[in-house]
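Read the structure below first, then the notes.
Taken together, the values in this text are just the output of simple stated rules run on the coordinates, not laboratory data. Since this is a predicted model, take the numbers as computed values, not measurements.
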Amino acid sequence: MQEKISRRYLVKCGLVAGAMAPAFGLLASRAGAAGLPPLDPADPTAKALGFVTDSTKVDASSNPTHTAAQKCGTCAQFQGKPGEARGGCNIFAGHSVPQGGWCKAYAPKPT
Ligand code: SF4
């Protein structure tokens with residue numbers, strides 16, 4: 001009887017923990033994105049990907065496929081919400097990028 005109760009208890013705990021994990025993950029990512037330090041354009045990875053904080057300043061000669069519509073705010077990697085000045089980026093984990101920034105890893109958000 002004792003073993004049956006223990007097993008049931010463990011199963012219940014496992015189900016509750018499993019159900020809560022996505023909620024905790026979502027909260028952690030939202031809380032983290034708000035306080036992330038800005039990405040420094042001098043960061044070696046940022047430099048390698050041609051990151052700029054203002055997409056209107058992209059060097060057209062070395063980035064001929066760049067268009068005015070390409071900004072962090074319209075990029076699939078951007079984690080900020082519409083209207084937020086900054087947000088996290090999947091490419092530059094641990095840093096925030098501005099809505100108006102850009103880098104060579106730009107990919108349009110799916111519509
Ligand atoms: S991957 Fe997208 S969101 Fe991240 S810095 Fe480059 S353009 Fe901006």
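General remarks:
- Remark on His66: its backbone amide H falls under 5 Å from none of the residues 5 or more positions apart or on other chains, H modelled at 1.01 Å from N.
- Rounded to the nearest whole Hz, the Karplus-based 3J(HN,Hα) values (6.51 cos²θ - 1.76 cosθ + 1.60, θ = phi - 60°) of region 99-111 follow the sequence 3, x, x, 6, 8, 5, 8, 3, 9, x, 5, x, 9, with x at glycine and proline.
- For region 65-72, the Karplus equation 6.51 cos²θ - 1.76 cosθ + 1.60, evaluated at θ = phi - 60°, returns couplings of 8, 5, 10, 4, 6, 7, 9, 3 Hz by residue, with Gly and Pro reported as x.
- Inter-part distance where region 34-59 and region 80-103 are each reduced to a Cα centre, Å: 10 Å
- Under a 5 Å amide H cut-off, with hydrogens placed 1.01 Å from N, Arg86 pairs with Gln99 among residues at least 5 apart or on other chains.
- Annotation: amide H of Ser96 within the under-5 Å range of Leu39, sequence separation 5 or more or interchain, hydrogens built in the peptide plane.
- For region 46-111: rounded, prolate or oblate by the Cα gyration tensor [a/c cutoff 1.5]: prolate
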